[in-house]
Amino acid sequence: MDNSDETARLFPPPDRLRNESHVKSMDDYKEMYKRSVEDPEGFWGDIAKQFYWKRSNIYQMDGGCQNKHLLQCYRPAYKNGQGDKIAFFWEGNDPADHDSGNITYSQLKDKICKFANILKQSGLKKGDRVAIYMPMILELTVAMLACARLGIIHSIVFAGFSAESLADRILDGQCSAIVTADGVWRGHLLPKGHNVQQNGDYVDYPEEKPAQRPTRSLKVLDDGLELYHAQKINWTDGRDVWWHDVMGTASTDCEPEWMDAEDPLFMLYTSGSTGKPKGVLHTVGGYMLYSATTFKYAFDYQPDDIYWCTADVGWITGHTYVAYGPLNNGATSIIFEGTPFFPDAGRFWAIIEKYKVTKFYTAPTAIRALMRYGDEYVTKYDRSSLKVLATVGEPINPEAWLWYHNVVGNKQCAVVDTFWQTETVRGSLHEVEVLTPTKPGSATFPFFGIVPVIMSDEGVEITEPNVEGYLVFKQPWPGLMRTVYGDHERYETTYFKKFPGYYCTGDGAKRDEDGYIWVTGRIDDMVNVSGHLLSTAEIESALVEHPTVAEAAVVSHPHKIKGECTYCFVTLKEGKEFSDALVKELMDRVRKKIGPFAQPDFVQNAPGLPKTRSGKIMRRVLRKIAVGDKNVGDITTMADETVIDKLFQLRPPEA
Ligand code: WT7
């Protein structure tokens, strides 16, 4: 199919969505947007009135790039009078599993209170940190919201992370308890409790700081899910308790801990360009307001919607658009534990038909992977309930966009690209997209409160169209992270130092002549693999821990499904042999160290690396070598040009 005409086209919003939309026209959007940036206190203050506050609801921001709230004592909004509404439909990996999981708002509230009481009885209190390492089961959201109810800072670690990554995060966050499950169901049980146990063996807890050692672990088992009982996991009496043992007797009454708007709500780790992951810290008032508001407007949420975000709660997308955003709006949504490929590549669309999903949110990488199986997997299911199709995590290529629009949405849906980050909670582009004429691949316009600027390397705002620069945001908004846990200086250096007074996203972007913003990808040493940000430095440090490796350089490489993948150049120590077995060992090492999703696609032998005379690795040259492009650009500063030919010769044939 030749898409060249279609990709250049402007896609108007579907007429059928116009009537119900919260914002009636682009002019209304412009007016609201103008107020949100010119009078943020009034704008967010009005929105805050829709929430339940114990004291005042005055919202104030200071002039610098940081928010300040005078809001007191926020309480999560379990809307009155809708206790019987379904909060979540739970859908397991096996299509036959689903019945055990539906939960109403009042049942959810009861479970949250019960679990909060259990946390309280174990001595946990406001300000403590609790790690959560669980698959996509309802207990995951119960555990996180029980923490929120008590002012305990949850630190959720995506269940795909390795034991070592989990241990790093527990130690850095000084967590005093962990909530986990014994496995993830994938046709068979993948042990997870085991990874937690490994922590004890793996990590050398510093003797002099015994408080850093997790003191309690609450092993989680759902009463209804027999399958989880199958797994034997290690156990320490007096420290570990089973979920099903303690939940039965706990009380369903639990007064929430009243929080200041600026108190921390949760932390969530994201990759850092120096290698060490950063504990991104969000606060109660700002995060709640912003997640609720973006959910309402970006998906144009309506009370009868059945909403489905496929992201894992272990990532920011799941925090915001599986848990907090939908719940704060009283929405009904789906939690899916499985994969899009089981029992076959039609699973997403089968679930959409089954629950009559109206708003659907997934990642471009999933769309690209599913496109390859052909349209029949989609078209055999009824998708007429769908109204909004959204994506997140990486730039969406026009082919994938058009397939999503034409085949999945049958040309009847608004297709919405949402750009944002763990740090920004939709500090983002895209707005009330339902009414935005879209261009395939563009993240369109800013959400309320966001002032995007395209910045030159010299720190000058670029105003002419189609010139690429750094994507930065000019003024604060409620959902901006407040600090890097335990390292405020790193927060300032990473995000505010390059262009003082602006928040630096780390992405490149340009604005076209119609004002549409196009995000072009990371401009730092991060790689976006299937929508997961990976730090090349972190992968390099995993590789050089191998006894045969002297040096490693990892670069981003294009990949048809994942968008990007990692390509690793390794220099071996004197006398060591490069072999297929070594490649496998190195790939396994990265898997073990970070997690299966981080496994590199290519590892190549590099007897030497292209470096400048001052010893800096020239990654742009390595990226060219990885794709086999002989036009490597300016190499006048390179110390030894002969390495380039050698590297071209040693490229793995499949690259
Ligand atoms: C980075 C943030 C918040 C969603 C999950 C990822 C890239 C995210 C888009 C998009 C182009 C995107 C950026 C960003 N990204 N969404 N729609 N178009 N790029 O959260 O792990 O914090 O990663 O993901 O590079 O900086 P994250």
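The values are calculated or read from the model by the stated rules, or taken from the named source; none is laboratory data. Bear in mind the structure is a predicted one, so any value in this text is a computation, not a measurement. Reconstructed Cβ throughout: ideal geometry from the backbone, glycine too, with neighbour counts over all protein chains shown. For accessibility, only protein heavy atoms count, side chains too; no ligands or nucleic acids. Shrake-Rupley method; radii C 1.70, N 1.55, O 1.52, S 1.80 Å.
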Q) Amide H of residue 521: which non-local residues (sequence gap of 5 or more, or other chain) have their own amide H closer than 5 Å, using H built in the peptide plane? A) 508
Q.
At 0.36 nm per residue, and after removing the present C-alpha to C-alpha distance, how many nm does the segment from residue 614 to residue 655 gain when stretched out fully?
A. 11.8 nm
Q: Give the cross-link partners of residue 411 among the aspartates and glutamates, using a straight C-alpha distance below 12 Å as the criterion and excluding same-chain residues fewer than 8 apart.
A: 15
Q: Mind giving me the FRET efficiency for residue 463 and residue 541? R0 is 56 Å, r the Cβ-Cβ distance, nearest 0.05 is fine.
A: 0.85
**Q.** Contact order relative to length of segment 248-355, as percent, for alpha carbon pairs under 8 angstrom and 6 or more apart
**A.** 19 percent
**Q.** Karplus-derived 3J(HN,Hα), 6.51/-1.76/1.60, for each residue of segment 591-607, Hz, glycine and proline x
**A.** 4, 5, 6, 9, x, x, 5, 9, 4, x, 8, 9, 10, 10, 5, 9, x
(Q) On a full-extension model of 0.36 nm per residue, what is the gain between residue 579 and residue 636, subtracting their alpha-carbon distance, rounded to one decimal in nm? (A) 17.2 nm
Q: Kindly identify segment 353-397 as rounded, prolate or oblate by the Cα gyration tensor criterion: order the square roots of the eigenvalues as a ≥ b ≥ c, call it rounded if a/c is under 1.5, otherwise compare a/b with b/c, prolate if a/b is larger, else oblate.
A: oblate
Q | Label-point separation, residue 239 to residue 32 (7 Å along Cα→Cβ), nm | A | 5.1 nm
Q: Please label the shape of segment 301-405 as rounded, prolate or oblate, based on the square roots a ≥ b ≥ c of the eigenvalues of the alpha-carbon gyration tensor (a/c under 1.5 means rounded; beyond that, a/b larger than b/c means prolate, else oblate).
A: prolate
(Q) Quick check: at a probe of 1.4 Å, how many percent of the accessible area of segment 550-655 sits on carbon and sulfur atoms? (A) 49 percent
Q.
Using alpha carbons only, how many angstrom separate the centre of segment 471-523 from the centre of segment 106-161?
A. 30 Å
Q: Provide the per-residue ³J(HN,Hα) series for segment 575-580, in order, calculated from phi with Karplus coefficients 6.51, -1.76, 1.60 and θ = phi - 60°, each as a whole number of Hz, with x at glycine and proline positions.
A: x, 8, 9, 7, 8, 4
**Q.** Label-to-label distance, nm, for residues given as residue 410 and residue 15 (7 Å Cα→Cβ offset)
**A.** 1.8 nm
Q | Derived scalar couplings ³J(HN,Hα) [segment 288-296; Karplus, 6.51 cos²θ - 1.76 cosθ + 1.60; whole Hz; x for Gly, Pro] | A | 4, 4, 6, 5, 5, 6, 5, 4, 4
Q: Scan around residue 611 for amide H atoms under 5 Å from its own, H built in the peptide plane at 1.01 Å from N, and keep only partners 5 or more places away or cross-chain.
A: 618, 639, 640
